[in-house]
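**Q** Have a look at this one before I ask anything.
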Amino acid sequence: MSVHVFGVTGLPLIHPGDDLPALLCGKVGFSDGDILCLASTVYSKSKGYVRTLASITPGPVALQIAGRDHEDPRFVQSVLDEATEVLLDDPFILSEMVHGHIGVRSGVDRSNIEDGFVILLPPDPKAAAEDIRTRIREISRADIGVIITDTVGRAFRRGQTGHAIGWSGMPAIRDFRGDQDLFGHTLQITEEAVIDEIAGFGNFIMGESNQGVPAVVFRGCGRWSGHDNLYFSPKEDVMRKALKCLQEKRSIR
Ligand code: GDP
Ligand code: MN
Ligand code: MN
């Protein structure tokens with residue numbers, strides 16, 4: 001397999017109401033089979049999933065956490081507002097959002113936006129990917145795949161990587177179960193999270209600060225078969241169970 005990867009440069013600062021698919025099609029001649037990684041940050045900015053800190057009144061829990069962590073209580077409140085469940089609140093808030101993604105501070109960002117604003121994750125990142133994909137097909141006729149990415153921390157290792165939080169046009173997971181290895185053993189377990197691997201490299205091309213590259217195109221990834229069952233159910237998820245145990249022991253609530 002030979003894959004060509006390029007960042008989309010020259011996009012402006014994005015604001016609510018901007019037509020992101022049109023801007024992207026103005027910069028890239030998309031072809032069938034391309035995979036577009038798009039930073040959740042710019043999707044959210046284009047759709048107005050942003051808040052001003054001035055409009056947020058922190059509640060008692062936000063005030064308590066903010067006091068302990070020396071954070072802006074309005075920011076903490078915006079994080080709590082996005083969370084359907086707080087799995088951990090010390091030394092940082094780790095929370096689950098309505099779409100199933102679990103992330104530090106509910107994925108709420110204060111970087112790459114004007115002072116006094118926060119950027120929220122899209123409330124339905126799968127629908128966001130579908131929306132971008134459909135609009136790009138309407139404009140360019142190209143049938144592409146779209147991955148909405150965010151930069152996330154990981155368990156066990158330092159350093160953040162890009163993860164896919166929404167996707168359209170490809171299965172999330174390439175399922176190797178039932179395949180034979182080089183020695184004829186049947187694989188029992190291996191399900192490869194291909195969309196996260198692509199998101200990780202896309203995130204590397206984007207950078208995290210002032211690069212101004214919120215979109216990356218992958219050409220030549222081919223197709224794979226598998227399924228979309230990316231998130232563990234709470235019952236299967238051993239990390240989540242362990243964190244909840246820890247949180248119950250020392251919750252400040
Ligand atoms: P996240 O990973 O989705 O939280 O997004 P980041 O804040 O890490 O930004 C990813 C990339 O998009 C970086 O190269 C940023 O400089 C770039 N970026 C963020 N906002 C904008 C924007 O409004 N316009 C442009 N052109 N690039 C942006
Ligand atoms: Mn982010
Ligand atoms: Mn990032």
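None of the figures in this text is laboratory data; all of them are computed from the coordinates on show. All figures in this text were calculated on a predicted structure; none of them were measured in a lab. No Cβ is skipped: glycine too gets one built from the backbone with ideal geometry, and neighbour counts run over all protein chains shown.
**Q** Among Thr57, Thr41, Thr151, determine the one that fluctuates most according to a GNM of the chain built with springs between C-alpha atoms less than 10 Å apart.
**A** Judging by the Gaussian network model, the answer is Thr57.
**Q** In addition: In a GNM of the chain with a 10 Å cut-off on Cα contacts, which of Ala193, Ala66, Ala242 has the highest mean-square fluctuation?
**A** Ala242
**Q** Expected output is a single nm value to one decimal: the length gained when fully extending between Phe204 and Thr9, i.e. 0.36 nm times separation in residues minus the C-alpha distance. What is it?
**A** Numbers: separation 195, 0.36 × 195 = 70.20 nm, distance 1.43 nm.
That works out to 68.8 nm of additional length.
**Q** Here is a follow-up. Residues with beta-carbon under 10 Å from that of Ser40, excluding Ser40: net charge, scoring Lys, Arg +1 and Asp, Glu -1? If you can, show how the numbers build up before the last one.
**A** Details: positive: Lys45; negative: Asp109, Asp150.
The answer is -1.
**Q** Rounded, prolate or oblate for the stretch 50-120? Axes are the square roots of the Cα gyration tensor eigenvalues, ordered a ≥ b ≥ c, and the cut-off for rounded is a/c under 1.5.
**A** Numbers: a/c = 1.65, a/b = 1.12, b/c = 1.47.
Because a/c hits 1.5 or more and a/b fails to exceed b/c, the stretch 50-120 counts as oblate.
**Q** What chymotrypsin sites (Phe, Trp or Tyr not before Pro) in the stretch 106-213 are in a loop by DSSP, with at most 13 other Cβ atoms within 10 Å of the Cβ? Mind showing how you got there, number by number?
**A** Numbers: sites: Phe117, Phe156, Trp167, Phe176, Phe183, Phe201, Phe204; in loops: Phe156, Phe176, Phe183.
Passing both the DSSP loop test and the Cβ count: Phe156, Phe183.
**Q** Related question: Two decimals is fine: what's Rg over Rh for the chain, C-alpha atoms, Kirkwood radius as Rh?
**A** On the way: Rg = 19.3 Å, Rh = 19.4 Å.
In the chain, Rg relative to Rh is 0.99.
**Q** Moving on to the next point. Based only on other Cβ atoms within 10 Å, what is the fewest-to-most ordering of Ser95, Ser44, Ser225, Ser2?
**A** Values: Ser95 23, Ser44 27, Ser225 9, Ser2 5.
So the residues, fewest neighbours to most, are Ser2, Ser225, Ser95, Ser44.
**Q** If you don't mind, there's one more thing I want to ask. Pull up all non-local amide H partners of Gly166: gap of 5 or more, or a different chain, and H-to-H distance under 5 Å with H placed in the peptide plane.
**A** The list, which skips near neighbours in sequence, is Ile148.
**Q** Rounded to the nearest 500, what is the 222 nm mean residue ellipticity of the chain from helices alone, with -39500 (n - 2.57) per DSSP H run of 4+ residues and division by all residues?
**A** On the way: 7 runs with 78 residues, N = 253.
Value at 222 nm, helices only, nearest 500: -9500 deg cm²/dmol.
**Q** Shifting gears a bit: List, in order, the whole-Hz ³J(HN,Hα) value for each residue of the stretch 3-11 obtained from phi through the Karplus relation with A = 6.51, B = -1.76, C = 1.60 and θ = phi - 60°; use x for Gly and Pro.
**A** 10, 9, 10, 9, x, 8, 9, x, 6
**Q** Sticking with this one: Can you figure out the FRET efficiency of Thr52 with Thr134, using R₀ = 30 Å and their beta-carbon distance, to the nearest 0.05? Write down the numbers at each step before the final one.
**A** Numbers: r = 30 Å, r/R0 = 1.01.
The value I calculate is 0.50.
**Q** What number comes out for the charge environment of Ser95, summing +1 per Lys or Arg and -1 per Asp or Glu over other residues with Cβ under 9 Å away? Mind dumping the intermediate values first?
**A** Working: positive: Arg105; negative: Glu82, Glu85, Asp89, Glu96.
That sum, taken over residues with Cβ under 9 Å, equals -3.
**Q** For the chain, calculate the relative contact order in percent as a whole number, restricting contacts to Cα pairs under 8 Å that are 6 or more residues apart.
**A** RCO, the chain: 25 percent.
**Q** For Gln180 and Arg157, what does the FRET efficiency come to when R0 = 30 Å and r is the distance between their Cβ atoms, rounded to the nearest 0.05?
**A** Details: r = 31 Å, r/R0 = 1.04.
Working from the Cβ atoms, E equals 0.45.
**Q** So, one more: Report the local net charge at Val5: Lys and Arg +1, Asp and Glu -1, summed over other residues whose C-beta lies under 14 Å from its C-beta. Display every interim value, and only then the final one.
**A** Working: positive: Arg219; negative: Asp34, Glu197.
Net of charged neighbours comes to -1.
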